[in-house]
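Just below is one structure, and these are the notes that go with it.
The values are calculated or read from the model by the stated rules, or taken from the named source; none is laboratory data. Keep in mind the model is a prediction, meaning the values are calculated, not measured. Positions of Cβ are generated from backbone atoms using ideal geometry, with glycine treated the same way; all protein chains shown enter the neighbour counts.
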């Protein structure tokens, strides 16, 4: 006997399949060297900057890592337990209306630096439509914050999922947002020095100076969610 599925049943089955694959690695990804930075169940592998573990403001439910800024205890940026130098990071994010956040990388964790952004460049996460910090092009989603504006707008609206890739190899840095390449530059060369000199970081002596460091998810005081956080060394 043949069984026929309705269109709605097929869609439901497809949605279930997609849900099952969140926070998992496919056989192909495993062969390519990808590793999960988020298991979909706990904050294992992450800790608040300069703290031993992730605080209560960072929670996990329904396979999603969430920041709730209304929880006053345990606020602050979280960083990966491990450090990375040449890597490719893949991550989904969903920001609230008016939201502002970021992904920092090559963050040097040391008591000499009060915050992650003092050493780590930032891939900007923003509600481009309603966030207060949407006046400068190099502050929009997909930008290298305050340094390079995205080549084009590629963000899905607040409340919807976005997909980001950050690739850093031997100083060559590339950003993608929802499949669109938004930034391509080279760190630590003469042109990079000129770019930083024109930014708000021009007097920060250790900004982006470290070639290896932690990945950081920013607490900027707005609700934000993450899933499918994957990394591979390149």
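List of remarks:
- Residue within the range 114-134 that is modelled with pLDDT of 95 or more, surrounded by fewer than 18 Cβ atoms within 10 Å (Cβ to Cβ), over 23 Å from residue 42 (Cα atoms) and touching a helix residue (DSSP H, G or I) at 6+ places or on another chain (Cβ under 6 Å) present: yes
- Test: residue in the range 144-153 that is closer than 17 Å to residue 219 by Cα and either under 18 Å from the mean Cα position of the chain (by Cα) or surrounded by 23 or more Cβ atoms within 10 Å (Cβ to Cβ) (or both): yes
- For residue 91: the one exception among (1) touching a residue at least 24 places away in the same chain (Cβ under 8 Å); (2) part of a strand (DSSP E or B); (3) surrounded by fewer than 21 Cβ atoms within 10 Å (Cβ to Cβ): (3)
- Qualifying residue in the range 97-120 (condition: more than 30 Å from residue 203 (Cβ to Cβ) and assigned to a loop (DSSP other than H, G, I, E, B)): yes
- Every residue from the range 186-214 that is more than 18 Å from residue 112 (Cα to Cα) and not in a loop (DSSP other than H, G, I, E, B): 186, 190, 191, 192, 193, 194, 195, 196, 197
- Residues within the range 155-185 that are in a strand (DSSP E or B) and surrounded by 14 or more Cβ atoms within 10 Å (Cβ to Cβ), tallied: 18
- Some residue of the range 190-211 being crowded, with 19+ Cβ neighbours inside 10 Å, on the phi > 0 side of the Ramachandran plot and in contact with a strand residue (DSSP E or B) (Cβ under 8 Å, 6 or more places away or on another chain): yes
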